[in-house]
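Step one of this worksheet: look at the structure below.
The values are calculated or read from the model by the stated rules, or taken from the named source; none is laboratory data. Since we're looking at a predicted model, the values are computed, not measured. We place every Cβ from the backbone using ideal geometry, glycine too, and count neighbours over all the protein chains shown. With ligands, DNA and RNA removed, areas are computed over all heavy atoms of the protein, side chains included. Shrake-Rupley method; radii C 1.70, N 1.55, O 1.52, S 1.80 Å.
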Amino acid sequence: MITAEEFAEGRILLIDKPLGWSSFQAVNKIKWAILRHYKQKKIKIGHAGTLDPLASGLLVVCTGKFTKKITEIQDAVKTYTGTITVGATTPSYDMETEVEVHYPTEHITPEKIEIVRQQFVGEIEQVPPVFSAIKRAGKRLYEFAREGEAIEVPTRKVQVHRFELDTTEFPLLHFEVECSKGTYVRSLANDMGKVLGSGAYLSALRRTKIGDYDVAEALSPDEFIIKHIPRL
């Protein structure tokens with residue numbers, strides 16, 4: 001069991017965020033379990049890098065004085081696994097919104113996929129999805145998108161250190177990608193579909209690493225509470 005003093009002094013908690021949960025929900029569940037168990041009025045707690053509800057995986061949660069490490073951890077290289085579905089697009093570039101257009105895929109060969117994959121390794125430019133939390137003109141992009149208002153989204157340079165694809169279940173492309181802070185894997189899927197002369201969207205995503213932190217060592221919020229705050 002972790003003591004109240006240890007939480008206050010600072011701990012790094014590795015949490016495996018379940019699919020369908022927001023990052024806020026995961027952190028909040030742990031926060032309130034700590035406050036209730038130790039009868040505290042407040043605790044410093046935050047996470048390094050938000051995961052969408054449609055993504056699962058590693059959430060690095062910092063407590064106490066270790067919240068000062070959040071920026072440093074956020075800047076670390078991240079690793080994701082998941083699936084890109086080729087042959088269709090969605091407005092959000094993932095499954096948050098429904099498929100809007102279908103595209104042919106008969107012309108796409110494993111050789112063509114490999115040529116295109118190589119174009120997405122190294123420093124690349126990408127346009128973040130309009131369904132994202134980036135601020136523009138004082139509003140989140142997803143607010144403009146949900147109101148049907150068009151807005152120009154500037155490109156950004158990101159670094160893709162490694163991008164591996166499994167084509168055996170095409171039009172599903174299972175992948176593992178290692179990338180810099182600020183990379184949108186949804187945009188990677190959408191852009192790849194365009195270069196393939198088709199369309200594509202992100203249909204599954206799991207974060208497995210942030211720097212040296214690995215999801216293999218993480219616990220779900222419920223497992224964490226049972227293991228470290230057992231008397232609740």
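General remarks:
- Between the stretch 98-129 and the stretch 178-214, the Cα center-to-center distance that results, in Å: 11 Å
- Cα extents of the stretch 34-100 along the three principal axes, largest first (Å): 52, 27, 17
- Under 5 Å, built H, 5+ apart or other chain: amide partners of THR90: GLU100
- Sequentially through the stretch 4-20, phi angles give Karplus couplings (6.51, -1.76, 1.60; θ = phi - 60°) of 4, 5, 5, 4, 5, 5, x, 9, 9, 10, 9, 10, 9, 5, x, 4, x Hz, Gly and Pro residues having no value and appearing as x.
- Solvent exposure of TRP21, expressed as accessible area, is near 70 Å², computed with a probe of 1.4 Å over the protein chains only.
- Over the stretch 44-100, relative contact order from alpha-carbon pairs under 8 Å, at least 6 apart, %: 28 percent
- Placing dummy labels 7 Å off each Cα toward the beta-carbon, the span from LEU19 to THR97 is 2.2 nm.
- Förster-model FRET efficiency, 35 Å R0, ASP166 and LYS68, C-beta, rounded to 0.05: 0.35
- Karplus-derived 3J(HN,Hα), 6.51/-1.76/1.60, for each residue of the stretch 190-204, Hz, glycine and proline x: 4, 5, 5, x, 4, 5, 6, x, 8, x, 7, 9, 7, 10, 7
- Which of MET192, MET1 is most accessible, then next, and so on - probe 1.4 Å: MET1, MET192
- Averaging the sequence gap over all C-alpha pairs within less than 8 Å and six or more residues apart, then dividing by the number of residues, gives the chain a relative contact order of 30 percent.
- q = 0.14, 0.17, 0.26 Å⁻¹, the stretch 1-74: log10 I(q)/I(0) [Debye, one scatterer per Cα]: -0.41, -0.60, -1.20
- Placing dummy labels 7 Å off each Cα toward the beta-carbon, the span from GLU9 to VAL121 is 4.5 nm.
- With all protein chains modelled, accessible area of ASP52 [1.4 Å, Å²]: 70 Å²
- Neighbours of GLU178, meaning other residues whose beta-carbon lies under 15 angstrom from its beta-carbon, give a summed charge of +1 when Lys and Arg score +1 and Asp and Glu score -1.
- In order through the stretch 100-110: 3J(HN,Hα) via Karplus (6.51 cos²θ - 1.76 cosθ + 1.60), integer Hz, x for Gly, Pro: 10, 9, 9, 10, x, 10, 4, 7, 8, 10, x
- Note on ILE115: accessible area approximately 110 square angstrom, rounded to 10, probe 1.4 Å, nucleic acids and ligands left out.
- With both residues required to sit in the chain, DSSP beta bridges show an antiparallel share near 90%.
- Treating r as the C-beta distance of LYS39 and ALA216 and R0 as 30 Å, the FRET efficiency rounds to 0.35.
- Solvent-accessible area per residue for the chain (1.4 angstrom probe, square angstrom): 53 Å²
- Report summary: the helix-based calculation at 222 nm, which adds -39500 (n - 2.57) for every DSSP H run with n ≥ 4 and divides by the residues of the chain, gives -7500 deg cm²/dmol.
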